[in-house]
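The values are calculated or read from the model by the stated rules, or taken from the named source; none is laboratory data. Source: prediction; values computed, not measured. Please note: Cβ atoms are built from the backbone with ideal geometry, for glycine as well, and neighbour counts cover all protein chains shown. Just so you know, the surface numbers come from the protein's heavy atoms only, side chains and all, with ligands and any DNA or RNA stripped out. Shrake-Rupley method; radii C 1.70, N 1.55, O 1.52, S 1.80 Å.
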Amino acid sequence: MKPKQCNGKVVSNIKILDNIYEMKLTGDFQGNPGQFYMLRSWGKEPFLSRPLSICNIEGNLLTFLYEVKGKGTDIFSKLREGDVLNLLGPLGTGFPLNNKGKIGVVAGGIGIAPMIYLCKSLKNDIDFYGGFREKPFYMDTIGKNVNKLYISTDSGKEGYNGFITDIFNPEEYSVVYTCGPMPMMSKVKNICEEKNVPLYISMEKRMACGVGACLGCSIKTTSGIRRVCKDGPVFRGEEIVFHD
Amino acid sequence: MKPKQCNGKVVSNIKILDNIYEMKLTGDFQGNPGQFYMLRSWGKEPFLSRPLSICNIEGNLLTFLYEVKGKGTDIFSKLREGDVLNLLGPLGTGFPLNNKGKIGVVAGGIGIAPMIYLCKSLKNDIDFYGGFREKPFYMDTIGKNVNKLYISTDSGKEGYNGFITDIFNPEEYSVVYTCGPMPMMSKVKNICEEKNVPLYISMEKRMACGVGACLGCSIKTTSGIRRVCKDGPVFRGEEIVFHD
Amino acid sequence: MTSVEMFGIKFKNPVITASGTFTIDYEDFFSLSKLGGICTKGLTLNEKEGNSGVRIHETMGGLLNSIGLQNPGVDRYISEELPHMEKYDTVIIANVGGSTIEEYVKTIEKLNNTNIPIIELNISCPNVKEGGMAFGIKSDIAFKVVREVKKVCKKPLIVKLSPNAENILDMAYKCCEAGADGLSLVNTFSGMAIDIKNRKPVFDNTIAGLSGPCIKPISLRMVYEVSRIVNVPIIGIGGIVDYKDALEYIMAGALAVQVGSGNFMKPDICLDIINGIEEFMEKENIKSLEEIRGIARR
Amino acid sequence: MTSVEMFGIKFKNPVITASGTFTIDYEDFFSLSKLGGICTKGLTLNEKEGNSGVRIHETMGGLLNSIGLQNPGVDRYISEELPHMEKYDTVIIANVGGSTIEEYVKTIEKLNNTNIPIIELNISCPNVKEGGMAFGIKSDIAFKVVREVKKVCKKPLIVKLSPNAENILDMAYKCCEAGADGLSLVNTFSGMAIDIKNRKPVFDNTIAGLSGPCIKPISLRMVYEVSRIVNVPIIGIGGIVDYKDALEYIMAGALAVQVGSGNFMKPDICLDIINGIEEFMEKENIKSLEEIRGIARR
Ligand SMILES: Cc1cc2nc3c(=O)[nH]c(=O)nc-3n(C[C@H](O)[C@H](O)[C@H](O)COP(=O)(O)OP(=O)(O)OC[C@H]3O[C@@H](n4cnc5c(N)ncnc54)[C@H](O)[C@@H]3O)c2cc1C
Ligand SMILES: Cc1cc2nc3c(=O)[nH]c(=O)nc-3n(C[C@H](O)[C@H](O)[C@H](O)COP(=O)(O)OP(=O)(O)OC[C@H]3O[C@@H](n4cnc5c(N)ncnc54)[C@H](O)[C@@H]3O)c2cc1C
Ligand SMILES: Cc1cc2nc3c(=O)[nH]c(=O)nc-3n(C[C@H](O)[C@H](O)[C@H](O)COP(=O)(O)O)c2cc1C
Ligand SMILES: Cc1cc2nc3c(=O)[nH]c(=O)nc-3n(C[C@H](O)[C@H](O)[C@H](O)COP(=O)(O)O)c2cc1C
Ligand code: FES
Ligand code: FES
């Protein structure tokens, strides 16, 4: 599927919780779970577009789930029905979907965004582990392929009080997928390695071009320098080296 | 009337003709004809605010009439009901309102903006001369103090076919006010000087601060260097020196 | 909490308005006594009318200006404008321009007789005797200027560096050698714009001065580098429009900052910056700016 | 109509993609044969992994980058990437980096054996033998590099100037004296950013390179000034994101332009620029870009 430039028209853009928003666009979209789009709804400033993962695609409806962090996401959060964005995508290499057996998905915070689409696309049985700070969100959209849903919160307000990695056991799974904060993913990697379970990690690094040209998103992997935007964002667990 | 920072909420923002828009804001506004506000409806980019003349104030309703020229006015034209702008004003020195006798007003193109408020504020009998490129606009709002309305268009589509200065004769007026393109105002000045009729000219120059600090809007007058934003925009005719 | 001291003079806070961008006209919008300090417009010995033609041109993230040092001359400044400014409880810094060493010297002699506590020497002006190149380009020329000025100047002398200097480190070093009590940097960058419809430069003078957020990455780098090699107080200038920008300069090594073009965005932007610094200090439990000054250098 | 010629080589139009900002990856979005030319990423003798840590930081109107010349080395570039790029009908310019004169020379000897028609020498790289200062700062050092490179280079040689040069005019002049067949300017400006939460520079290397619309007023001024004193073709670079920017450079004296960071805004931004130039020429009845090249200088 070749990426392309296209427009998306805002159908809805609603606050889910605190700084978390869900935006739905209509247009001509395609893409696999783990792939992303570069978005902009402005002219020259901010200079760069912003990468957001595909959270769902259904027909001509594309869903993003995003957290307001700074300038760009703040502008996104103010878009209204009818506003038009420029999109570039689908970009990057997503999750492999051809694994057999039971699958474990471990997501932290806004890292759940690509995992929603993943869970909807996989035909396997899935156990979903979601770690949140204050309160879980968006878990109602997770779809029927999810068998068991494990929730943790740092606040203890819902689910297990602590890190999701405390209650994550990969032994039953043929493969594990993870996306979320680096420390969480690093822990997941250690756990999976211990139990010898194959792992796929969705990485994040600041991007300029999103298409593989600027080398701004390069990371050092065990298989050499790789671009998160083109060679990833999804990498095999053994390729990724986490620091501290 | 000290200028201040304030907000204005868009009540309406409608296209009048081609690139001409009328925007009405609610807020706590004050100001005299010929005074202006610095407006911005964005963060840091474009960097500078944009000056627009008061086209009318009625109660808590402030009207601007503006032409889309570039970045800033383009953004203004896309504002919708409920959007909020930052305003600074009222700024500058407006038209003197205490002249006796019949008054001539000569305006060209978007230069009519401040003249609308002027005509509504003066108690005198007014003859209004409006010069336009294609078609006259906004002339229905001019108010009942206007005695005679002379219109010219370059296109010949309405009114006199040619320059408004061709049909302008200041002899009956105790004072003349003008705002519009430099060549027009220069001609008005020559005509008034010939007939010895006092003239007030509203000048325009690119502005950065709008409050008298940056000296970006300085012009050379017969009474020395003057700031358009603070010492003007309205100057006595004899102060202004037009080049070519 | 936010106060800083320079040459034994106390500033309420490290936020000073930059030369040529802030005048008494701003008193309509807030009390100028809230400012750490105010830098006057560039004062020259005689009145200057400034440049003809377009004086301001907006660019991406900033603006080009070609004001041309318009000012009433030092005498009229002292008699007409200074008394009004002195009503406010803030530190006044007199910014001095000139095209010859003699002009600088004479202007400063006049300022010696006022209560203005600090002089800032603008060495970015074109230097007529040396063929129009600014004093601030070559460090040897700057050295001479500063040494001569220092001989007559009875107040602490801050030298304001130009980012167009051939070598900003050498420039800073030589100015200190010549006796500068402090450095402020930077002045505007030489830039230009062309009007493609007229097929001509926008400015009558062709070259104009670039300022605003667009220059911040470069000016911050200069402040960072200079503050590592000199021991005098440094005032960071360039594209500061919020408290985060100001803190970057302070963490790079600046004792105080100047806000220039930012004033055009919002007349009381300096108050926002001062409040922002204060809140940041509270949140991060910083008792004095000294704790974070130059901290990014280590 | 928009075509230009340099060293007897014809470019369809004056729009070339700048080194390090454009790769074959863009072929998904438009036919690269539409471009006037493509500059390769900076090629070095041996493979380079590039810098650690953050590599991109957005600033007002642009970005800082600290890629650190990541590239597969000239050999692998020639064997793996060049054949793919050569499928397109556009002029390829090989951008060459290095830390010593010998490295430049060896890299260029390898490029001599390819069909690449033009070499662009990036003298902004830190120069290990002279203590890490870039070759592009002091004109005497640049002179030596260019003279040595010129001895072996069998293709027309464009020297890419750094805006951090102490004296851009002297630099341009010396590079031409040393045999440069053309000049391109500018490379990125030395800049930095500080993460106030961490109280540390954003980049592991502290200093990074600033590019984008924010630098345009400065780089345009440099192109304007340099084009007045040299007779070789000049390629204008810096902050070009629309046809108006490109035309400003051409009116300042540039024969062609390079678009760098702009590609990140919109993958086919170069097409928009090419079309915009064409429309402008039609509207203004300009038959050849020669008619307006340098017109703002007169
Ligand atoms: C492949 C990929 C997919 C992503 N998918 C999602 C998603 O589905 N939902 C979501 O909420 N977020 C997602 N992100 C992160 C999102 O792109 C950033 O949060 C966003 O770009 C921040 O922009 P901003 O203007 O709001 O913040 P800024 O003002 O630019 O910066 C705020 C903070 O965000 C970080 N940041 C800035 N730019 C980037 C960038 N280009 N990439 C990563 N981090 C950056 C900086 O470290 C900074 O501290 C994804 C990132 C990548 C690389
Ligand atoms: C005191 C005063 C009152 C004004 N009142 C009105 C009004 O009531 N209605 C109206 O339509 N216009 C008015 N103008 C003109 C208006 O301010 C400019 O058209 C507007 O700022 C252009 O901004 P822009 O971003 O759309 O264009 P830009 O993209 O900034 O530039 C487009 C063109 O407009 C000119 N321009 C740019 N900035 C300014 C500036 N700050 N001042 C003047 N010209 C500029 C430039 O020469 C350029 O060619 C007034 C100007 C002044 C000084
Ligand atoms: C309109 C204008 C006028 C200026 N006049 C002076 C001046 O007279 N003397 C001086 O030393 N600097 C002058 N400057 C430079 C500023 O003091 C400051 O060094 C520069 O603008 C960079 O800071 P900024 O990015 O915050 O604007 C002027 C700047 C502007 C924008
Ligand atoms: C991410 C990035 C990588 C770059 N890599 C190189 C390089 O390898 N060699 C080089 O000569 N210039 C390099 N440059 C500089 C650009 O070619 C160009 O000179 C500079 O970005 C200014 O142009 P712009 O403002 O259009 O981006 C790079 C710039 C960027 C943004
Ligand atoms: S973001 Fe440019 S290569 Fe990945
Ligand atoms: S716009 Fe700044 S002095 Fe008039």
*Cα→Cβ-extended label distance, 7 Å offset, between C:GLU80 and D:GLU102, nm*: 6.9 nm
*asked:* Are there any chymotrypsin sites (Phe, Trp or Tyr not before Pro) in the stretch A:139-242 that are in a DSSP loop and have at most 16 other Cβ atoms within 10 Å? List them by number.
replied: A:PHE163, A:PHE242
*Quote the charge dipole size of the protein assembly as shown about the Cα centre in Debye, to the nearest 20; the model charges only the Cβ of Lys and Arg (+1) and of Asp and Glu (-1).*
240 debye
*Could you name the residue in chain A with the C-beta closest to the rotation axis that superposes chain A on chain B, along with the separation in whole Å?*
A:GLU45, 2
_Under-5 Å amide H pairs with B:THR221, H placed in peptide plane, nonlocal only_ = B:ARG226
*Where does chain D land at 222 nm, in deg cm²/dmol rounded to the nearest 500, when only DSSP H runs of n ≥ 4 count, each adding -39500 (n - 2.57), divided by all residues?*
-8500 deg cm²/dmol
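I'd like the interface area for chains C and D: accessible area of each alone minus the complex, both sides summed, 1.4 Å probe, protein heavy atoms only. What is it in Å² to the nearest 100?
Summing both sides, the interface buries roughly 3400 Å².
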*Sticking with the crude label model, points 7 Å out along Cα→Cβ, report the distance from C:ASN205 to B:ASP166 in nm, one decimal please.*
4.3 nm
*Beta bridge orientation in the stretch C:4-297: antiparallel %, DSSP, nearest 5*: 40 percent
*What is the distance, in nm, between label points placed 7 Å from the Cα along the Cα-to-Cβ direction at B:SER174 and at A:MET1?*
7.7 nm
*To one decimal in nm, how far is C:GLU27 from the same spot in the other copies, if labels go 7 Å from Cα toward Cβ? Please give the shortest first.*
6.9
*asked:* Charges on Cβ only, +1 for Lys and Arg, -1 for Asp and Glu, centred on the Cα centroid of the protein assembly as shown; of B:ASN7, C:ILE137, A:TYR138, which one is farthest towards the dipole's positive end?
replied: C:ILE137
*Most positive-pole-ward Cα, B:PHE235, B:ILE16, B:GLY162, against dipole of chain B from beta carbon charges*: B:PHE235
*Once phi is turned into ³J(HN,Hα) by the Karplus curve 6.51 cos²θ - 1.76 cosθ + 1.60 with θ = phi - 60°, what whole-Hz value does each residue of the stretch B:231-238 show in order, with x for glycine and proline?*
6, x, x, 8, 10, 5, x, 6
*Starting at 0 and stepping by 5 Å, how many percent of the alpha carbon pairs of the stretch C:121-220 end up in each bin?*
2, 13, 22, 20, 17, 12, 7, 4, 2, 1, 0
*Taking the Cα centre of each part, how many Å lie between the stretch D:263-289 and the stretch C:1-21?*
49 Å
*In sequence order, what are the phi-derived ³J(HN,Hα) couplings for the stretch B:93-106 according to the Karplus relation 6.51 cos²θ - 1.76 cosθ + 1.60 with θ = phi - 60°, rounded to whole Hz, with x for glycine and proline?*
10, x, 6, x, 10, 9, 7, 9, x, 7, 10, x, 10, 10
*asked:* Can you tell me the orientation of helix B:112-121 relative to chain B, as the angle in degrees between its alpha-carbon axis and the longest Cα principal axis, to the nearest 10?
replied: 80 degrees
*Counting only residues 5 or more places away or on other chains, whose amide H sits under 5 Å from the amide H of B:THR93 once H atoms are built in the peptide plane?*
B:GLY232, B:VAL234
_Share of carbon and sulfur in the accessible heavy-atom surface of the protein assembly as shown [1.4 Å probe, %]_ = 47 percent
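I'd like the GluC sites (Glu not before Pro) in the stretch B:164-199 restricted to DSSP loop residues with at most 14 other Cβ atoms within 10 Å, sorted by number.
B:GLU171, B:GLU172
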*What is the helix-to-structure angle for B:182-194, meaning the angle in degrees between its Cα long axis and the longest Cα principal axis of chain B, kept from 0 to 90 and rounded to the nearest 10?*
40 degrees
*Pairs of lysines 8 or more apart, or on different chains, with alpha carbons under 22 Å: count those in the stretch D:170-289, would you?*
5
_D:ILE196 - accessible surface, heavy atoms, 1.4 Å probe, Å² rounded to 10_ = 20 Å²
*Positive-end residue, the protein assembly as shown charge dipole about Cα centroid, Cβ charges, pick of D:VAL91, A:LEU149, C:CYS125*: C:CYS125
*Kindly compute the accessible surface that chains C and B hide from a 1.4 Å probe when together, both sides summed, and give it to the nearest 100 Å².*
2700 Å²
*Which far-off residues, 5 or more places away or on another chain, put their amide H under 5 Å from the one on A:TYR200, with H placed in the peptide plane?*
A:VAL176, A:TYR177, A:THR178, A:GLY237
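Per the helix-only calculation at 222 nm, which mean residue ellipticity applies to chain B, given -39500 (n - 2.57) for every DSSP H run of n ≥ 4 and division by its residues, nearest 500 deg cm²/dmol?
It comes out at -3500 deg cm²/dmol, rounded to the nearest 500.
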_Burial of 40 Å² or greater, the stretch B:25-46 residues [accessible area, probe 1.4 Å, versus chain by itself]_ = B:LYS44, B:GLU45
_Treating only the Cβ of Lys, Arg, Asp and Glu as charged (+1, +1, -1, -1), what charge dipole size does chain D show about its Cα centre? Round to the nearest 20 debye._
680 debye
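Indicate the gyration tensor shape class of the stretch B:4-91 (rounded, prolate or oblate), computed on the Cα atoms with a ≥ b ≥ c the square roots of the eigenvalues: a/c under 1.5 is rounded; otherwise a/b larger than b/c is prolate and the rest oblate.
rounded
Indicate the gyration tensor shape class of the stretch D:4-297 (rounded, prolate or oblate), computed on the Cα atoms with a ≥ b ≥ c the square roots of the eigenvalues: a/c under 1.5 is rounded; otherwise a/b larger than b/c is prolate and the rest oblate.
Rounded.
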*For the protein assembly as shown, report the accessible area per residue in Å² (1.4 Å probe, heavy atoms, rounded to an integer).*
38 Å²
*Please calculate the 1.4 Å probe accessible area of D:HIS57, with all protein chains present, and give it to the nearest 10 Å².*
40 Å²
*Are there GluC sites (Glu not before Pro) in the stretch B:41-134 that DSSP puts in a loop and that have at most 15 other Cβ atoms within 10 Å, and which ones?*
B:GLU81, B:GLU134
